[in-house]
Amino acid sequence: MHTVWVRLNAVVFFGLSALLGFSVLAAISKIGHANRHVPLVHTLKLKKLKSLKSHGGVDRALLNFDLHVDLNPAFHWNIKQLFVYVVASYKTDKNKNNQIVLWDKIVEATDSPESKIIKQDSIFVKYALVDQGADLRGRDVKLQIMWDHMPLTGLLYMGEQDKNAVSSFTLPYDYTSAGR
């Protein structure tokens, strides 16, 4: 005859084993979701360059942009939230690949479908476009939207806008300042 503790041990570890099995099945079921569940990016472009200044020995650009993206297709049963961000990338002689996050937003799976559509004009950057030196002037800058899928179970994975659909602009060769 088994004691209560032996039976309790068997029930608890059977439950944990079942939970592990279901978690593994859930993680396997999301294979390929990164390619199938992507947001629809309609517009991401520079609206206006507010200023390009030397700020404490480094170049800093402030700008605003238009963004229209539908995040609904990126959500499925295993997504808890998306971390969406706009990245500016440019090249300099010193650093071949510079990427700076200009704006970000967290979108929860529990949000309404309407709030998963971001359609805003003239979004002012949350974080300035700052170079490590004085190398921003005259540079070609590309704006791209990227996102991190944060699942309920399984590995995190990242996605990005198609490289052929990114918008680009050239910063002026001289420092500029336009009022906010």
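Couple of notes before you dig in:
- Largest-first ordering by accessible area, 1.4 Å probe, given options Val11, Val87, Val166: Val11, Val166, Val87
- Using the 1.4 Å probe convention, the accessible area of the chain works out to 60 Å² per residue with neighbouring protein chains retained.
- Computed from Cα atoms, the angle from the helix 4-29 axis to the main principal axis of the chain rounds to 40 degrees.
- Remark: relative contact order (the chain) = 26 percent; criterion is Cα-Cα distance under 8 angstrom and separation of 6 or more residues.
- Candidates Trp147, Trp77, Trp103: whichever shows maximal mean-square fluctuation once the chain is modelled as a Gaussian network with Cα springs under 10 Å: Trp77
- Checking the cross-link pairs Lys53/Lys119; Lys80/Lys142; Lys105/Lys163; Lys53/Lys142 against a 26 Å limit on the alpha carbon distance flags Lys53/Lys119; Lys80/Lys142 as lying beyond it.
- Highest-fluctuation residue, Arg139, Arg36, Arg60 considered, GNM on the chain with Cα pairs under 10 Å: Arg36
- One equal scatterer on each Cα of the chain, no solvent, Debye formula: the resulting log10 I(q)/I(0) at q = 0.18 Å⁻¹ is -1.12.
- Where Rh is the Kirkwood radius over Cα pairs, Rg/Rh for region 1-57: 1.54
- Cα-only Debye scattering, region 1-98: base-10 log of I(q)/I(0) at q = 0.18, 0.22, 0.23, 0.25 Å⁻¹: -1.02, -1.17, -1.21, -1.28
- In units of the compact-protein estimate 2.2 N^0.38 Å, region 105-178 shows a Cα radius of gyration of 1.48.
- Residues Thr110 and Ser177, FRET efficiency given R0 of 41 Å [Cβ-Cβ distance, rounded to 0.05]: 0.45
- Where N is the number of residues in region 97-139, Cα Rg divided by 2.2 N^0.38 Å: 1.65
- In sequence order, calculated HN-Hα J values of region 141-157 (Karplus, 6.51, -1.76, 1.60; Hz; x Gly/Pro): 10, 10, 9, 9, 9, 10, 8, 10, 7, 10, x, 5, 9, x, 7, 6, 9
- Sorting the segments 154-164, 40-50 by their mean number of nearby beta carbons within 10 angstrom, highest to lowest, gives 40-50, 154-164.
- Spin-label pair Lys53-Ile117: with each label point 7 Å from Cα along the Cα-Cβ axis, the two points sit 3.9 nm from one another.
- Site pair Ser23 and Val101 shows an inter-label distance of 2.6 nm when each label is modelled 7 Å from Cα along Cα→Cβ.
- If R0 is taken as 45 Å, the Cβ-Cβ distance between Arg60 and Leu8 corresponds to a FRET efficiency of 0.10.
- Summarising the amide proton neighbourhood of Lys45: residues at separation of 5 or more, or on other chains, whose placed amide H is nearer than 5 Å comprise Asp66.
The values are calculated or read from the model by the stated rules, or taken from the named source; none is laboratory data. The structure presented is a predicted model; accordingly, all values stated were derived computationally and were not measured. Because the Cβ atoms are built from the backbone with ideal geometry, glycine has one as well, and the counts that use them run over all protein chains shown. Calculation scope for accessible area: heavy atoms of the full protein, side chains included, ligands and nucleic acids excluded. Shrake-Rupley method; radii C 1.70, N 1.55, O 1.52, S 1.80 Å.
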